[in-house]
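The values are calculated or read from the model by the stated rules, or taken from the named source; none is laboratory data. What you see is a predicted model, and the numbers here were worked out from it, not measured in a lab. When we count neighbours, we look across all protein chains shown, and the Cβ atoms used for this are built from the backbone with ideal geometry, even at glycine.
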Amino acid sequence: MNTIMRWTTLLVFCCVLSSWAVAQPTNRSRGGGMQRFFNSGIMSLFRIPDVQAELDLSRDTAELIFALQADLFSEYRNARRDKSPSEELPSADDVAAQSGPVAERLLSTILDPNQYKRLQELWLQRRGLRAIAMDDLADALQLDESQRETTGKLVQQLSRNYGRGKISDEDAEIAKEITATLTPEQQKQWEKMLGRPFNF
């Protein structure tokens, strides 16, 4: 990607982020959700060198992704610093809550289709069965109301360390229960969505 295209793309990012910020809800509370986003959200995968290699990122693409991270964090930092009573600007909590969806939309533009598909697979592998409680994934697997309720309760029982290194016996049992709530067809679809196993 040449320099002109790179900066043109970055300019588009800034425009998208600016229009997104103005359109957000106006709850003025402050929170630390952005820290969770950068530590455990999809953007956190790019801090892992093996993930960068797995996605075969070019230097220019990596620069765009890190610029996106910087823009998102800058938007959050500005929202935290804003002391005005105006309700036309987004709060820090609003920015943090929308950073994930915004990042995914922009990443789907930055990455080529194969890279973005692999990123989604890696993200699901990183999240593990905890991801099944997410509405979009439950929709993709066509879980019925009973399955959603059961998996939602089970996911809440998983420890904070689930998905980080060795799985405890307790988490392994809960994971088995979650998997057992899926039909054989749903289990096959889940495995397909995970893609080729990756060792984080």
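Can you name every residue in the range 160-181 that is part of a loop (DSSP other than H, G, I, E, B) and under 20 Å from residue 123 (Cα atoms)?
Going through the range 160-181, the residues part of a loop (DSSP other than H, G, I, E, B) turn out to be 160-168, 181.
Of everything in the range 160-181, those that are part of a loop (DSSP other than H, G, I, E, B) and under 20 Å from residue 123 (Cα atoms) turn out to be 160, 161, 162, 163, 164, 165, 166, 167.
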Query raised in the report: Quick one: would you say residue 167 is aliphatic (A, V, I, L, M), in contact with a Gly (Cβ under 9 Å, 6 or more places away or on another chain) and not assigned by TED's automatic domain parsing to the domain that holds residue 64?
Result: yes
Report task. Would you please list the contacts, defined by Cβ atoms under 7 Å and residues six or more apart or on different chains, that run from a residue in the range 94-115 that is more than 13 Å from residue 65 (Cα to Cα) and in a helix (DSSP H, G or I) to a residue that is among the polar types (S, T, N, Q) and modelled with pLDDT under 90? Result -> 94/24; 94/27; 98/24
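Would a scan of the range 40-59 turn up a residue that is modelled with pLDDT of 70 or more and hydroxyl-bearing (Ser, Thr, Tyr)?
Initial filter on the range 40-59 (modelled with pLDDT of 70 or more): 41-59.
Now narrow it down to the ones that are hydroxyl-bearing (Ser, Thr, Tyr): 44, 58.
Looking for residues that are modelled with pLDDT of 70 or more and hydroxyl-bearing (Ser, Thr, Tyr), one finds at least one in the range 40-59, hence yes.
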Report summary line: The residue from 83, 117 that alone is outside the structural domain of residue 158 (by TED's automatic domain parsing) and at pLDDT 85 or above is 117
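I want to confirm something. Restricting to the range 116-159 and keeping residues that are among the polar types (S, T, N, Q) and assigned to a helix (DSSP H, G or I), which single residue is surrounded by the most Cβ atoms within 10 Å (Cβ to Cβ)? Even if it seems obvious, please write down each step before you answer.
Taking the range 116-159 as the starting set, the residues that turn out to be among the polar types (S, T, N, Q) are 120, 125, 142, 146-147, 150-151, 156-157, 159.
Okay, now just the ones that are also assigned to a helix (DSSP H, G or I), so 120, 125, 146-147, 150-151, 156-157.
Values: 120: 18, 125: 19, 146: 9, 147: 18, 150: 16, 151: 23, 156: 10, 157: 13.
So, considering only residues that are among the polar types (S, T, N, Q) and assigned to a helix (DSSP H, G or I), the one surrounded by the most Cβ atoms within 10 Å (Cβ to Cβ) is 151.
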